[in-house]
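Working notes for the structure below.
The values are calculated or read from the model by the stated rules, or taken from the named source; none is laboratory data. Predicted model only: the values in this text are computed from it and were never measured. Note that each Cβ is placed from the backbone with ideal geometry, even for glycine, and that neighbours are counted across all protein chains shown. Side chains included, ligands, DNA and RNA excluded: accessible areas come from the protein's heavy atoms. Shrake-Rupley method; radii C 1.70, N 1.55, O 1.52, S 1.80 Å.
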Amino acid sequence: MGESIMLEILKETGALLEGHFLLTSGKHSKEYVQCAKILRYPDKAAQVLQPVAEQLKDLKPDLLVGPAMGGIIVAYELGRQLGIEAIFTERVDGKMELRRGFEIPKGSRIVICEDVVTTAKSSLEVKDLLEEMGGEVIGLASIIDRTAGNVDVDIISAIQLHIDTFDKEDCPMCKEGLPYVKPGSRKIK
Ligand SMILES: [Zn+2]
């Protein structure tokens, strides 16, 4: 499946919004991504993750781990397509943990699953955790790769997306006088 079809699915499900956004970082952007909007449709989740599952086959993972919340459905759907186990880690007091009686068999070949990877910081935290527990992390899979090559990690993704962010003073949409929206809230300036 081509990236243009992926883009279309992201837009039609509302996962990729275009406009003028104030991000939690304080920066402004023209695009905003919310992967949960695709994953609410099981058929779309299956469709966007099919090319990712295809690439994962060659890696022959034994286990998929999706960090909560974003990674859970991604790991589950990839696990369904590959016919392998999918579990998740979750944050407890700010620290990533494996709970619920989940186990990492020694030497198991693990792929970490995310909905979107931007800095890969939390994925690397999960990698450390899983390796401390005796697993071998062999890859990182994601629907959207937003790293733009700024991170020294190989990501198997359905689509690579680069979203420009601006300081308020340099924001082209602000210069045009367009009102901005804070995603996740209904308030409009
Ligand atoms: Zn702006």
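Looking at (1) over 28 Å from GLY79 (Cα atoms); (2) away from the ligand (no atom under 16 Å from the Cβ); (3) aliphatic (A, V, I, L, M), which is the only condition LEU178 fails?
All conditions pass for LEU178, except number (2).
Please enumerate the residues belonging to segment 26-36 that are surrounded by fewer than 21 Cβ atoms within 10 Å (Cβ to Cβ) and more than 12 Å from the chain's Cα centre (by Cα).
GLY26, LYS27, LYS30, GLU31, TYR32
Restricting to segment 149-158, name every residue that is exposed (fewer than 15 other Cβ atoms within 10 Å of the Cβ) and of a type in the set (Gly, Ala, Ser).
GLY149
Looking at (1) open to solvent by less than 60 Å² (accessible area, probe 1.4 Å); (2) out of contact with any helix residue (DSSP H, G or I) (no Cβ under 6 Å at 6 or more places or on another chain), can you tell me which one GLY139 breaks?
Every listed condition holds for GLY139 apart from (2).
Give me a count of the residues in segment 159-182 that are among the basic types (Lys, Arg) and crowded, with 16+ Cβ neighbours inside 10 Å.
Total meeting the criteria: 0.
Inside segment 153-174, can you point out the residues that are β-branched (Val, Ile, Thr) and in contact (Cβ under 8 Å) with a residue 60 or more places away in the chain?
Passing the criteria: ILE156, ILE159, ILE163, THR165.
When the residues of segment 1-25 are narrowed to those that are of a type outside the set (A, V, I, L, M, F, W, C) and touching a residue at least 40 places away in the same chain (Cβ under 8 Å), which ends up surrounded by the fewest Cβ atoms within 10 Å (Cβ to Cβ)?
My answer is SER25.
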